Amino acid sequence: MAREQDAAWKAVRRFLLIGLIIGLVSLFGLWRVENQRLERFRNALTDEILPKTNFLLKPITISYQILSDFKSYTKLYQQNQDLKNELQKMEGWKEAALQLEQKNAQLSLLNNVKLDLTINWVTGQVVADSGSPFNQSVLLNIGSQDGVQDGAAAIGGLGLVGRVSGVGQNTSRVILLTDVSSSIPVVVQKTGKSALLNGDNSLNPILNFLEDKRAIRPGMRVFTSGEGKVFPKDLLIGTIVLDTSGQLRVNLAAELEELNYLRILFKNTVDNLKKPGSLILK
């Protein structure tokens, strides 16, 4: 029974295939014949089939359009990423240029500081800071082999920033004027009044033990006095300001928050010390 059904199904398929071939051949031949009736028939057949063909092709057309749009979007996305990368590179170059400009400006300021011809110095780069509000100091990439001596004055920008306290062969540490352990003798411009400048871990050190405060006005400049041979005389420190409590302080000429290079004075500026760190006045 099964064999008879298979044989019948094969016969049907063979018949349909032969019919399809004959139909296609006939249709091809019919399409090639030149005849007015056949021409009208062909036109009618075309009018009937073409809209259905367009309907069937519409999903394909839409899919193709979606694919084209996706390719365009992918291309635009890649172009956008390339532009972002270029922008990041330009921002990096801009930042590097600004840093070089700042370093150049600081070195120019150091060159503008006028020092006694008998004073020698060496310029070092700040490589680290204390990172602590209770110990304000910076580390330089110069040391004893460069002529740095313990207790030497450190100049940054247009004014004094501190003193050397600890010297290695290739590095040295500078205690800033703002550090609580810093205390140096100073003199107020024009008045000649002496005082002590004491750090208290704020940006503006305190002006203590000032003679006749009535003669002192905000804006007056403060210099090193040279007393005790701690620092050379007449190094600019900053200008006097008055805080909210009425305390006289000094706004430093050097910007401690942007220190990149310091000039260390040595030889004729500091006497040989028997004990390192003995220049801290208490």
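Values in this text are rule-based calculations from the coordinates and carry no lab data. Quantities reported herein were computed from a predicted structural model and do not represent experimental measurements. Backbone-built Cβ (ideal geometry, glycine too); neighbour counts: all protein chains shown.
Some points to look at:
- DSSP bridge orientation in segment 120-266 - percent antiparallel, rounded to nearest 5: 100 percent
- Long-range HN-HN contacts of Ser165 with modeled amide H, under 5 Å: Gly151, Arg173, Val174, Ile175
- A simple rule links phi to the HN-Hα coupling: the Karplus curve 6.51 cos²θ - 1.76 cosθ + 1.60 with θ = phi - 60°, which for segment 212-229 gives 6, 4, 5, 8, 9, 10, x, x, 5, 8, 10, 10, 5, 8, x, 5, x, 6 Hz, with x for Gly and Pro.
- Alpha carbon centroid spacing (whole Å) that separates segment 201-221 from segment 226-270: 13 Å
- Sorted largest first, extent of segment 120-266 alpha carbons per principal axis (Å): 47, 30, 22
- Trypsin sites (Lys or Arg not before Pro) within segment 115-215, DSSP loop, no more than 12 other Cβ atoms inside 10 Å: Lys190
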